[in-house]
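Just below is one structure, and these are the notes that go with it.
The values are calculated or read from the model by the stated rules, or taken from the named source; none is laboratory data. Note that the structure is a prediction, hence the values are computed from the model and not measured. Positions of Cβ are backbone-derived with ideal geometry, glycine not excepted, and every protein chain shown enters the neighbour counts.
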Amino acid sequence: MADEPLPVDFDARPPMPVAEYEATVKRTNAGYDLLFTLTGCFLGALGRPELDLLVVGAGGGAEIERFLPDNPGWRLIGVDPSRDMLALAQAKAERLGLAERVTLVQGTVEDLPATARFDAATCLYVLHFLPNDAKLAVLRGIARRLRPDGLALVAAGVRRDFGGLQDDVAGARRQYAQRLGMSAEQMAAILARLTTPSDGATEEDYPLLLREAGFQRVTRYFHALAAIGWIAR
């Protein structure tokens, strides 16, 4: 049975203005560039001159820009429910001369052909926007589309109590954003929209969700403040 559609309308209620997405996501997520660098290193370590990559949450085109230029044999299929965000990704692929190796689909993994299979998949800064049942549905969809022993790289914001040091962490996040050019007022508004809800997944929940989705081996490869990344097979 196909999974239910995502219960979030990213075009009607985007978590941040689409036109400002690229700058905003870098300013509000400490370690953003490092996460993409490490993710690219894991993909490169597979040692495959030709690689079929699934990108879940491809809107904006960061994965296109970071993973394809230095790997001319790699092909990317990206899914995203947001029409507006996919338009940004398509424009980036065309501007970089990579459009022939990129296919973008509006929707979810379930909207891909049933026979589509991939060597690896990424899902970066996506799952924290979804309720836990939808998180699991996305992860199951990824697992079904991977070839045997395929690699998944997943990163998301997590719910943490920070040992009672929430104010210190929030202050550091505001400082980080301001050092990258965002005003304190802008950052406060973004944090109010992005703060993981009280029923969001914890750092302990995500490995359990990955295993329930079908991944047998899971370990952390990135951690910066409230964002954590996992590698899974």
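If I ask for residues that are of a type in the set (S, T, N, Q) and either surrounded by fewer than 17 Cβ atoms within 10 Å (Cβ to Cβ) or without any contact (Cβ under 8 Å) to a residue 40 or more places away in the chain (or both), which ones from segment 93-132 would you list? Can you show your working first?
Within segment 93-132, the subset of a type in the set (S, T, N, Q) is 103, 106, 108, 115, 122, 132.
Matches in segment 93-132: 103, 106, 115, 132.
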TODO: Would you mind finding the one in 103, 115 that is modelled with pLDDT under 95 and of a type in the set (Ser, Thr, Tyr)?
DONE: 115
TODO: Check residue 22 against each of (1) over 15 Å from the mean Cα position of the chain (by Cα); (2) within 24 Å of residue 157 (Cα to Cα) and name the one condition it does not meet.
DONE: (1)
TODO: Determine which single condition residue 215 fails, assuming it passes every other condition in (1) modelled with pLDDT of 85 or more; (2) more than 18 Å from residue 117 (Cα to Cα).
DONE: (2)
Task: Lone qualifier among 165, 194, 180 - being of a type outside the set (Ser, Thr, Tyr), farther than 18 Å from residue 220 by Cα and at pLDDT below 85 - done: 194
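Among the residues of segment 133-149, count how many are among the charged types (D, E, K, R) and crowded, with 22+ Cβ neighbours inside 10 Å. Spell out how you get there, then give the answer.
Residues of segment 133-149 among the charged types (D, E, K, R): 133, 135, 140, 144-145, 147, 149.
Going one step further and asking which of them are crowded, with 22+ Cβ neighbours inside 10 Å, we end up with 135, 145.
Matching residues across segment 133-149 total 2.
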